[in-house]
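Visitor: The following block contains the structure, expressed as structure tokens.
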Amino acid sequence: MSDSTAFFIKKFRENIDTPEEPGQWYRPRPYRNAVVKFRDCSIDDFEQRRDILINEAGLNAFLFRADMIPGCDLLSDSGTTTMTMDQWAAMLLGDESYGSNEGYFELRAQFAETFGAGWCEKDNSSGGSSESLFLFHQGRAAENAFFSILVRQLAAAGKGSSAPPSDGLMPELKSRIESRLGTNSHGKDLWIIPSNSHFDTTQGNIEDKGMIPLNLPCREHLEKDEIFPFRGNMDVEELDNLLEHEKDRVPLVYLTITNNTGGGQPVSIDNIRKIRNITRKHGVPFFFDACRFAENAYFVKKREDEFWDSSIVKIVHEMFRYADGFHISLKKDGLVNMGGALVIRKDGDFSKKFPNFKEGITDHQIMAEGHPTYGGLPGRDLKAISEGLRTVVRDEYLDARIGQVVRFGRHLFEAGIPVIRPIGGHAVYIDLDRFFDGTAGDDEFKGISMTALMLIAGHRVCELGLYAFGSYDGEKEIPPEPRVNYVRAAVPRLAYEDQDLFSVVEAFRVLADNRDRIPAVNVEYGRDLSLRHFKSRFSFRG
Ligand SMILES: *Cc1c(COP(=O)(O)O)cnc(C)c1O
């Protein structure tokens with residue numbers, strides 16, 4: 001080997017692990033484009049987008065035609081993955097038999113591999129339904145089935161109580177439960193489902209069954225200036241206090257990984273272990289809402305000392321070792337466009353507490369989804385999910401994925417746009433209260449105007465703030481409590497290059513430089529509806 005090549009190899013290598021720019025540009029993406037889609041529209045068509053926005057979509061980002069977006073569509077990271085060639089190839093091998101198709105068995109084996117020992121093992125010894133993997137067409141369908149059966153089995157057991165919450169609860173916790181009593185419990189048995197933070201459909205499904213969803217985020221969760229590495233954690237003191245006094249009314253404890261709020265803030269394994277100890281002490285089962293399990297494992301590897309040298313797969317196994325079950329939307333870290341699952345550990349605390357649960361779920365699925373072994377999905381989709389689960393835990397995939405989201409957030413921050421930090425795994429949140437701080441005049445729903453102006457610029461983002469989470473009582477607005485006022489830019493997996501995202505930063509920069517000129521909006525339709533941000537129509541004030 002000549003000295004000069006060794007010299008250059010050393011030089012090339014020196015830069016490759018630099019996390020800062022420009023050093024990071026020495027490392028290319030770990031994949032290349034295999035298929036591309038040319039746009040049917042151009043970034044220059046500003047007037048055309050304005051006309052569509054006003055005349056067709058009523059300034060509502062959800063109603064705007066996706067084929068007229070020439071830039072980044074950052075409405076959601078859910079189901080918007082670009083699939084790999086290996087996934088497309090696997091789809092050709094799909095087995096479309098009715099039930100128990102080949103894809104199901106492959107997927108079950110893949111779940112055991114991805115999530116570790118004890119998951120998805122078939123047990124024929126117990127008689128009746130022995131499956132522990134139940135497929136659904138997406139996450140919320142699994143949630144709906146899960147909570148429907150849960151509430152029915154709780155009622156059948158007849159151990160509920162409508163007595164007021166215990167006086168032993170921390171006063172703040174007690175008042176939070178009491179504030180939900182009127183709307184949620186329908187005067188019947190009081191059941192509480194705690195979580196670090198429930199996703200909105202999980203919360204909706206829990207409320208729909210007359211149970212109370214209770215968020216116990218760690219204190220750092222909403223502190224705007226706190227650079228805390230595991231903002232997604234649960235407050236374990238509150239959890240312990242809750243279970244100490246109300247364990248009989250808590251059928252199970254949830255943990256959302258990553259915690260969606262704030263753009264996918266991670267949960268530490270230390271927090272998971274503490275929750276497991278507390279739930280075990282009180283005899284309460286413990287479940288994950290596992291949509292972004294791989295992204296969570298990546299943050300654990302980077303931020304939790306014990307795991308710096310562990311593989312992602314090993315970290316995932318360690319996380320899932322502590323759970324009695326989980327549900328997952330495979331539209332996120334399954335790297336597919338549609339799919340969901342519910343998994344119950346065969347000999348876990350939940351199975352012991354609800355021995356007939358699997359029967360209940362199976363009946364529900366036969367009525368609503370077809371059969372647990374396909375859950376409303378074509379057999380070929382199951383093949384794509386298995387392949388996606390193999391890709392999502394690759395170190396180089398996660399480096400590229402999370403690195404891109406973090407870079408995007410950092411560029412926004414450096415452009416003077418106030419974003420929640422540290423940046424999470426799948427989205428960047430812009431803090432509107434800070435963005436508009438100091439601007440004068442009428443400020444009704446400027447988050448809606450921001451998303452509308454971004455659409456005219458050529459990109460789609462989503463308001464998650466005073467409009468999405470507030471409500472209207474016929475006379476006045478009731479803002480969300482605690483106050484949330486964000487615009488979210490969620491990044492689809494494997495879909496965009498940095499250049500695309502940097503063009504979003506530049507569009508935001510134009511808005512920031514001219515923030516005094518951003519108009520308020522009138523709500524033309526739907527202000528008093530439930531889930532109003534999906535349906536409403538608006539017009540610019542000026
Ligand atoms: C997306 C999501 C769900 C719901 O899954 P869908 O597939 O969209 O129905 C539930 N929980 C979390 C944390 C999610 O991100």
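The values are calculated or read from the model by the stated rules, or taken from the named source; none is laboratory data. None of the values given here were measured: they were computed from a predicted structure. Quick reminder, even Gly has a Cβ in these numbers, built from the backbone with ideal geometry, and neighbours come from all protein chains shown. Accessible surface is based on the protein model in full, side chains and every heavy atom, while ligands, DNA and RNA are left aside. Shrake-Rupley method; radii C 1.70, N 1.55, O 1.52, S 1.80 Å.
Visitor: Can you put Arg108, Arg280, Arg32 in order of accessible area, largest first, using a 1.4 Å probe?
Guide: Working: Arg108 30, Arg280 135, Arg32 180 Å².
Listed by decreasing accessible area, they come as Arg32, Arg280, Arg108.
Visitor: Could you state the orientation-averaged shadow area of the convex hull built on the Cα atoms of segment 1-43, in nm² to one decimal?
Guide: The orientation-averaged projected area of the Cα hull of segment 1-43 comes to 5.7 nm².
Visitor: Between segment 417-458 and segment 289-345, how many Å separate their Cα centres?
Guide: 30 Å
Visitor: Taking the convex hull of the alpha carbon atoms in segment 248-376, what volume per residue do you get, in Å³?
Guide: 127 Å³
Visitor: In whole Å, what is the distance between the alpha-carbon centres of segment 133-176 and segment 1-50?
Guide: 48 Å
Visitor: Turning to a different aspect of this structure: Among Gly264, Gly232, Val250, flag the residue with its Cα farthest along the positive direction of the charge dipole of segment 220-264, charges on Cβ as +1 for Lys/Arg and -1 for Asp/Glu.
Guide: The residue sitting most towards the positive pole is Gly264.
Visitor: Could I ask something else about it? Taking 0.36 nm per intervening residue step and subtracting the Cα-Cα distance, what contour gain separates Tyr26 from Asn55 on full extension?
Guide: Result: 5.8 nm gained on full extension.
Visitor: Quick check for you: which residues of segment 454-484 have the amide N under 20 Å from the point 7 Å beyond the Cα of Asp45 toward its beta carbon?
Guide: Flagged as within label range: 454-461.
Visitor: With a cut-off of at most 14 other beta carbons within 10 Å, and DSSP calling the residue loop, which GluC sites (Glu not before Pro) in segment 1-98 qualify? Please list them. Provide the component values of the computation, followed by the final result.
Guide: On the way: sites: Glu14, Glu20, Glu47, Glu56, Glu96; in loops: Glu20, Glu96.
Filter output for segment 1-98: Glu20, Glu96.
Visitor: Check which residues have an amide H placed less than 5 Å from Ile212's amide H, if you skip close sequence neighbours.
Guide: Under 5 Å from the amide H of Ile212 lie the amide H atoms of Trp191, Ile192, Ile193, each far enough along the sequence or on another chain.
Visitor: Ignoring everything but the protein chains, give the 1.4 Å probe accessible area of Asp443 in square angstrom, nearest 10.
Guide: Solvent-accessible area, nearest 10 Å²: 110 Å².
Visitor: What ranking of Glu143, Glu306, Glu21 comes out by heavy-atom accessible area, probe 1.4 Å, highest first? Can you show the working numbers first?
Guide: Working: Glu143 5, Glu306 115, Glu21 70 Å².
Highest to lowest solvent-accessible surface, that is Glu306, Glu21, Glu143.
Visitor: Now for a different question. Select from Asn356, Gly376, Cys218 the residue farthest towards the positive end of the dipole of the chain; place +1 on Cβ of Lys and Arg, -1 on Cβ of Asp and Glu, and compute about the Cα centre.
Guide: Asn356
Visitor: Also, quick follow-up: To the nearest 500 deg cm²/dmol, what mean residue ellipticity at 222 nm is calculated for the chain from DSSP H runs of n ≥ 4 alone, each contributing -39,500 (n - 2.57), summed and divided by the residues? Each step should come with its number before you reach the end.
Guide: On the way: 21 runs with 224 residues, N = 542.
Helix contribution divided over all residues of the chain: -12500 deg cm²/dmol.
Visitor: Just how much of Met450 is accessible, in Å², when a 1.4 Å probe is used and the result is rounded to the nearest 10?
Guide: Around 0 Å² of this residue is reachable by solvent.
Visitor: What are the lysines whose alpha-carbon lies under 24 Å from the alpha-carbon of Lys188, with same-chain residues fewer than 8 places away excluded?
Guide: Filter leaves Lys159, Lys174, Lys209, Lys247, Lys353.
Visitor: To one decimal place, what Kirkwood hydrodynamic radius in Å is obtained for segment 1-157 from all pairs of distinct Cα atoms?
Guide: Numbers: mean 1/r = 0.0446 Å⁻¹.
For segment 1-157, inverting the mean 1/r across all distinct Cα pairs yields 22.4 Å.
Visitor: A further question on this structure: How much length, in nm to one decimal, is gained on full extension between Leu181 and Trp88, taken as 0.36 nm per residue of separation minus their Cα-Cα distance?
Guide: Length gained between Leu181 and Trp88: 28.6 nm.
Visitor: While we're looking at this one, here's another question. Beyond 31 Å between alpha-carbons counts as too far, so tell me which of Lys476/Lys535; Lys11/Lys37; Lys10/Lys383 fall in that bin. Write down the numbers at each step before the final one.
Guide: Details: Lys476/Lys535 19 Å; Lys11/Lys37 37 Å; Lys10/Lys383 42 Å.
Pairs exceeding 31 Å: Lys11/Lys37; Lys10/Lys383.
Visitor: In whole Hz, with x marking every Gly and Pro, tabulate ³J(HN,Hα) for segment 526-541 from phi via Karplus 6.51 cos²θ - 1.76 cosθ + 1.60, θ = phi - 60°.
Guide: Per-residue couplings from phi come out as x, 4, 9, 7, 6, 6, 5, 5, 6, 10, 5, 10, 9, 9, 5, 8 Hz.
Visitor: Which of the peptides 424-432, 526-534, 327-335, 210-218 is most tightly packed, and how do the rest follow, going by the mean number of other Cβ atoms within 10 Å of each residue? It would help to have the intermediate numbers written out before the result.
Guide: On the way: 424-432: 25.6, 526-534: 14.7, 327-335: 27.8, 210-218: 22.3.
So the order, starting with the most tightly packed, is 327-335, 424-432, 210-218, 526-534.
Visitor: Can you grab the distance from the C-alpha centre of segment 495-542 to the C-alpha centre of segment 373-415, Å, no decimals?
Guide: Answer, in whole Å: 26.
Visitor: Still on this structure, I have one more. Run through every distinct alpha carbon pair of the chain and return the Kirkwood hydrodynamic radius in angstroms, one decimal place.
Guide: Working: mean 1/r = 0.0405 Å⁻¹.
Final number for the Kirkwood radius of the chain is 24.7 Å.
Visitor: At 37 °C and 0.692 mPa s, grab the translational diffusion coefficient of segment 326-367 from Stokes-Einstein with a Kirkwood Rh over Cα pairs, rounded to a whole number in µm² per second. Please report the intermediate quantities before stating the final value.
Guide: Values: Rh = 11.7 Å.
Rounded to a whole number, D works out at 281 µm²/s.
Visitor: Amide H to amide H under 5 Å from Arg460: which residues, 5+ apart in sequence or cross-chain, H placed 1.01 Å off N in plane?
Guide: Cys72, Asp73, Leu74
Visitor: At a Förster radius of 25 Å, what calculated FRET efficiency corresponds to the Cβ-Cβ distance of Lys159 and Asn277, to the nearest 0.05? List each step's numbers first, then the result.
Guide: Details: r = 25 Å, r/R0 = 0.98.
Efficiency at R0 = 25 Å is approximately 0.55.
Visitor: Please go through segment 202-262 and write out the trypsin sites (Lys or Arg not before Pro) that DSSP classes as loop and that have at most 13 other C-beta atoms within 10 Å. If you can, show how the numbers build up before the last one.
Guide: Details: sites: Lys209, Arg219, Lys224, Arg231, Lys247, Arg249; in loops: Lys209, Lys224, Arg231.
Answer in residue order: Lys224.
Visitor: Further, regarding this structure: Quick one: what are the phi-derived ³J(HN,Hα) couplings along segment 31-42, Karplus 6.51/-1.76/1.60 with θ = phi - 60°, whole Hz, x for glycine and proline?
Guide: Ordered by residue, 3J(HN,Hα) equals 8, 10, 5, 9, 9, 10, 10, 6, 6, 8, 9, 10 Hz.
Visitor: For segment 248-265, just list the computed ³J(HN,Hα) in residue order, Karplus coefficients 6.51, -1.76 and 1.60, θ = phi - 60°, integers in Hz, with x standing in for Gly and Pro.
Guide: Residue by residue, segment 248-265 yields 6, 9, 10, x, 6, 10, 10, 9, 9, 10, 5, 6, 4, 4, x, x, x, 7 Hz.
Visitor: For segment 1-82, what percent of Cα pairs sit more than 18 Å apart?
Guide: Numbers: 2186 of 3321 pairs.
Result for the distance tail: 66 percent.
Visitor: Could you please put Glu113, Glu121 in sequence from largest to smallest accessible area, using a 1.4 Å probe?
Guide: Working: Glu113 120, Glu121 90 Å².
Most to least solvent-accessible, the answer reads Glu113, Glu121.
Visitor: List the trypsin sites (Lys or Arg not before Pro) within segment 436-494 that DSSP assigns to loop and that have no more than 14 neighbouring Cβ atoms inside 10 Å. Intermediate results must be reported in sequence, preceding the final value.
Guide: On the way: sites: Lys446, Arg460, Lys476, Arg483, Arg488, Arg493; in loops: Lys476, Arg483, Arg493.
Loop-located and lightly packed - Lys476, Arg483.
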